[in-house]
1. May I ask you to verify whether Ala186 is farther than 30 Å from Ala345 by Cβ, of a type in the set (Gly, Ala, Ser) and outside any helix (DSSP H, G or I)?
2. Which one of these is over 24 Å from Ser327 (Cβ atoms), buried (at least 19 other Cβ atoms within 10 Å of the Cβ) and of a type in the set (Phe, Trp, Tyr): Phe41, Phe21?
3. If you take the residues in the range 346-381 that are among the hydrophobic types (A, V, I, L, M, F, W, C) and surrounded by 11 or more Cβ atoms within 10 Å (Cβ to Cβ), which one is modelled with the lowest pLDDT?
4. Within the range 56-76, how many residues are more than 16 Å from the chain's Cα centre (by Cα) and either of a type outside the set (D, E, K, R) or at pLDDT below 90 (or both)?
5. Quick check on my filter: what residues within the range 287-332 are surrounded by fewer than 20 Cβ atoms within 10 Å (Cβ to Cβ), within 22 Å of Cys169 (Cβ to Cβ) and in contact with a Leu (Cβ under 9 Å, 6 or more places away or on another chain)?
6. Tell me which residues, restricted to the range 220-243, are surrounded by fewer than 13 Cβ atoms within 10 Å (Cβ to Cβ) and not acidic (Asp, Glu).
7. If you check Glu95, Glu85, which single one turns out to be buried (at least 24 other Cβ atoms within 10 Å of the Cβ) and either within 24 Å of Gly322 (Cβ to Cβ) or modelled with pLDDT under 95 (or both)?
8. Considering only the range 114-125, I want to know if a residue exists there that is part of a loop (DSSP other than H, G, I, E, B), surrounded by 22 or more Cβ atoms within 10 Å (Cβ to Cβ) and acidic (Asp, Glu).
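The values are calculated or read from the model by the stated rules, or taken from the named source; none is laboratory data. Remember, it's a predicted structure, so these values are computed and weren't measured experimentally. Please note: Cβ atoms are built from the backbone with ideal geometry, for glycine as well, and neighbour counts cover all protein chains shown.
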Amino acid sequence: MATTAKIKVDEGGPVVALQGFLRGLLEDESLGGVLVPVHLFGKSMPMPTLVTDPDQLSGADPLAPAFPMNSAKLLSRLTRGQSGERIAAVLRPCEIRAFVELVKLNQGSLDDVIIVGVDCMGAYDNTGYKTFLGDRDSFEATLAFHGSTGGGGEAKVNGVDLASACKSCEFPAPTNADIVIGLAGAKLAEAIPVIADSARGEALVGRLNLPDMTADGRAEVLDALVKTRTEHRDAMIEETKAVTGTLTDLSEYLAGCVNCYNCRVACPVCYCKECVFNTDVFEHKPWQYMGWAKLKGSLKLPTDTIFYHLTRMSHMSMACVGCGQCSNACPNGIPVMELFRTVAARTQESFDYVPGRSLDESPPLSVFKEDEFQDTVSHMA
């Protein structure tokens, strides 16, 4: 059974208390650094930062409802090859799941990293977070957010709501973490539950000499969150199916795409070093453009938009963790996440595969199983 300890919260509040916990981790001789979101310039977007000096943790804010990027790809860079030192990485559940997929694809390693997972109450997109923050102090705003959502309550503040990806994410609790920060249902004004969820996590938490506690109410709050988010996800998928069911519908859905490829860059599990869409394969000749335009009387530019997104879907739908960074990065507000989750829901269900669920499950398209799709085989026979 996992051991649960507590971080005591004093007048400094839960963010400062969590900074103290991270400082304790960093001062442990087994760790050389901590990857954690930090407000680097006062009141600003907290960005993933590799901290090696405990004094540099004063801006750390892993509880902020901001999610500017998925850190899985960054952790991949830090763990491919040997740095000679172990680090701790503070991650949301979708970041952990994405990193597990990258590890399966030999794009990262868990050997020299301690995963510190945080119960995820959700986050705003980049624009929404700035509106949510307003003129408030960053830590003050973070505390206000968890004051209303620690129990899974209303998160709409200053007219902005959580990112659509967060509202439809049915995985608020971290899996495959060594240490879990159990925010759900916690009385954060008093203490923050810390759950040691692996032998490595147990050893590390044990050396911090934290007092024991029980995380009462956490399971109930998480169950309620999963129920609400699953309902939102299912409704979102049905709505997206209704407006993308034909090639014409899909073309209209993606009409604002400018082929910037931001969604590909922001995707944590899109790992190719060279993308075919960045080569000259799609740099067509002037006479080709003119010919295509004359066939229909007009030609939408840039071309290949639908082909690009269909290619991405076929490559990534099995590994999509629904983090929503594709939509967050889109300059024209196209709901890319909704489209990808709709496609991913069907492909992942077909293979009974949940990306990031387990390191022992190989990506479906990398293995062959004789007993797969027997209904299809029998119909073809």
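1. So Ala186 fits the description; yes.
2. Phe21
3. That would be Val377.
4. So the count comes out to 5.
5. Met313
6. Result: Lys227, Ala235, Ala242.
7. Details: Glu85 fails: buried (at least 24 other Cβ atoms within 10 Å of the Cβ).
Just one listed residue meets the conditions, Glu95.
8. yes
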